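K.L.:
Got a structure for you, written out below as structure tokens; questions coming shortly.
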Amino acid sequence: MAIKTKENFIFGVATSSYQIEGAAAEDGKSPSIWDVFCKTPGKIYEGHNGDIACDHYHRYKEDIKLMSDIGVNAYRFSISWPRIFPENGKYNPKGMEFYKKLVNELNSKGIKPTATLYHWDLPLWAYEMGGWLNRDSVKWFKEYALKVFEELNDSVKLWITHNEPLCSSIYSYYEGVHAPGHKNLREALTVAHHILLSHGTVVEDFRKFNFRDSKIGIALNLTPSYPASNSKEDIEAASISDGYSIRWFLDPVFRASYPEDMKEVYGEFVGEFDFIKDGDLEKISIKNDFLGVNYYSRDLIEFSQDSEFNFRKTYGNFERTTMDWEIVPEALYKLILRIRKEYTRMPIYITENGAAFNDEVSKDGKVHDDKRIDYLRKHLKKIVKLNEQGADIRGYFAWSLMDNLEWQNGYSKRFGIVFIDYQTQERILKDSAIWYKDLIKKRIIE
Ligand code: BGC
């Protein structure tokens, strides 16, 4: 059945700085922790790195032209902190120049700039001073954010403080799969806390600018956990997994508290939660204008004695992407209903949703990514259905505009609706981009 979206619903695309920009040492940019992590043997698939990536730093006009051809209403990108502050306290106007040009070009094409302040590329200087483990990181982030607000001001319509704090804390400091690759739970929770505190601090400061129609929020990756069976053990395991990836982040932002059950689970490894100071949770839970939800898949969870928190991931019968992520649009539907019931009624943007498949250029020179079209269509249908039920989802950002550096997987996973030939930097619209173009024009999901 064909369904229609509202005229003002935003159809966007998303990327992040380190994954696409390249120009790793240009115009005064200093290294980030990802520059270093990528060069550390064994961390990234085949030693790939973001030195050149999609060369977007030099090709941004061409890329905006592509977006304009597709007809997107908004572009979500992130700002590289070490371009703006290559040293502690040292502002680099040259680095800012790039984002000014980018934002102007977007606005001239009627594409709403949507800027993320932190998509994981922490300046190396900040890391060397303790990074997010050091409570002063909140001050460093504030200085950076204020400068960006001052310079770009209300030419950016949607601001996102942090992208997926779960990844920049737990994946980076406990699981060790993301930069800087530590494996220590106490560190991970301290980092998560300081990141959330920096979010609240910056939202508070943002209000002082009195921008007329610019809004601010945070983007959380919310992967729901489903128990693998009806057994008491699996249900309990799924609840811990839910605390690990969802509640540890939604609760402080919307309830000014960390979940008690998780504090108990973590307590044994962490000791005192003394990195949480008086007043922090009030600041973290300051009112935002919207919530950004990044959704890709669900996790099927079973009890496991061999894992630290007694849960592990397993798989059901759903089809999977090349990330091995199950395709379950219904779980997005239920997730949004849950957020509405348990957390907030504020506007939601789906700030990321998409899928990696083994795309290839066919003999006809095109990329026939039917599976991606199917994935995007099914998720968008759920969103329209949710809106019909009053969910107030204001927009959707497909991840990603183009194939890019998929973190520890290097360039081996392709999420784009635009194909990148990394040898020639040629861009080819995949069938999904052509499908998206048609959808945006007609606003009808078949
Ligand atoms: C991140 C992106 C990433 C995507 C696919 C999200 O976790 O924000 O940077 O490429 O998922 O893994």
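Read-outs: derived from the displayed coordinates by stated rules, not from any lab. On a predicted model such as this, the values are computed, not experimentally measured, just so you know. Every residue, glycine as well, gets a Cβ built from its backbone with ideal geometry; the counts of neighbours run over all protein chains shown.
K.L.:
Evaluate segment 418-438: report whether one residue or more is in a loop (DSSP other than H, G, I, E, B), within 16 Å of the ligand (Cβ to nearest atom) and surrounded by 20 or more Cβ atoms within 10 Å (Cβ to Cβ).
P.N.:
no
K.L.:
On to the next question. Which of the residues belonging to segment 242-278 are in contact with a Lys or Arg (Cβ under 8 Å, 6 or more places away or on another chain), within 18 Å of Pro165 (Cα to Cα) and assigned to a helix (DSSP H, G or I)?
P.N.:
Correct list: Met262 only.
K.L.:
Can you say whether His194 is within 19 Å of the chain's Cα centre (by Cα), assigned to a helix (DSSP H, G or I) and of a type outside the set (Asp, Glu), as far as the supplied structure shows?
P.N.:
Taking the combined requirement at face value, the residue satisfies it.
K.L.:
Phe249 - would you say it is surrounded by fewer than 20 Cβ atoms within 10 Å (Cβ to Cβ), touching a Leu at 6+ places or on another chain (Cβ under 8 Å), touching a residue at least 40 places away in the same chain (Cβ under 8 Å) and closer than 23 Å to Asn134 by Cα?
P.N.:
No, not satisfied.
K.L.:
Further question on the same structure: So in segment 137-171, with the set limited to residues that are within 14 Å of the chain's Cα centre (by Cα) and in a helix (DSSP H, G or I), which one is nearest to the ligand (Cβ to nearest atom)?
P.N.:
Top of the filtered list is Cys167.
K.L.:
Continuing with this model, one more query. Regarding Ile64, is this residue β-branched (Val, Ile, Thr), away from the ligand (no atom under 16 Å from the Cβ) and either within 19 Å of the chain's Cα centre (by Cα) or in a helix (DSSP H, G or I) (or both)?
P.N.:
Yes: the conditions hold for Ile64.
K.L.:
Quick one: which of Lys157, Lys147 is in contact with a Ser or Thr (Cβ under 8 Å, 6 or more places away or on another chain) and farther than 29 Å from Phe269 by Cα?
P.N.:
Working: Lys147 fails: in contact with a Ser or Thr (Cβ under 8 Å, 6 or more places away or on another chain).
After ruling out the rest, the residue left standing is Lys157.
K.L.:
Report, by residue number, each residue of segment 104-123 that is on the phi > 0 side of the Ramachandran plot and either in contact (Cβ under 8 Å) with a residue 60 or more places away in the chain or within 16 Å of the ligand (Cβ to nearest atom) (or both).
P.N.:
Trp120
K.L.:
Search segment 380-414 for residues being surrounded by fewer than 23 Cβ atoms within 10 Å (Cβ to Cβ) and within 16 Å of the ligand (Cβ to nearest atom), and hand back the single one that is nearest to the chain's Cα centre (by Cα).
P.N.:
Result: Glu406.
K.L.:
Count, please, the residues in segment 337-357 that happen to be of a type in the set (A, V, I, L, M), within 13 Å of the ligand (Cβ to nearest atom) and either in contact (Cβ under 8 Å) with a residue 60 or more places away in the chain or assigned to a loop (DSSP other than H, G, I, E, B) (or both). Write out each step before concluding.
P.N.:
Applying the first criterion (of a type in the set (A, V, I, L, M)) to segment 337-357 yields 337, 339, 346, 348, 350, 355-356.
Restricting the remaining residues to those that are within 13 Å of the ligand (Cβ to nearest atom) gives 350, 355-356.
Imposing the further condition that a residue be either in contact (Cβ under 8 Å) with a residue 60 or more places away in the chain or assigned to a loop (DSSP other than H, G, I, E, B) (or both) reduces the set to 355-356.
Counting residues in segment 337-357 that are of a type in the set (A, V, I, L, M), within 13 Å of the ligand (Cβ to nearest atom) and either in contact (Cβ under 8 Å) with a residue 60 or more places away in the chain or assigned to a loop (DSSP other than H, G, I, E, B) (or both) gives 2.
K.L.:
Conditions first: (1) surrounded by fewer than 18 Cβ atoms within 10 Å (Cβ to Cβ); (2) farther than 24 Å from Ala179 by Cβ; (3) under 22 Å from the mean Cα position of the chain (by Cα). Asp51 passes all but one, so which condition is the exception?
P.N.:
Here Asp51 meets the rest and fails (2).
K.L.:
So is Tyr244 within 16 Å of the ligand (Cβ to nearest atom) and in contact (Cβ under 8 Å) with a residue 12 or more places away in the chain or not?
P.N.:
Details: within 16 Å of the ligand (Cβ to nearest atom): yes; in contact (Cβ under 8 Å) with a residue 12 or more places away in the chain: yes.
Yes; evaluated as a whole, the condition is true for this residue.
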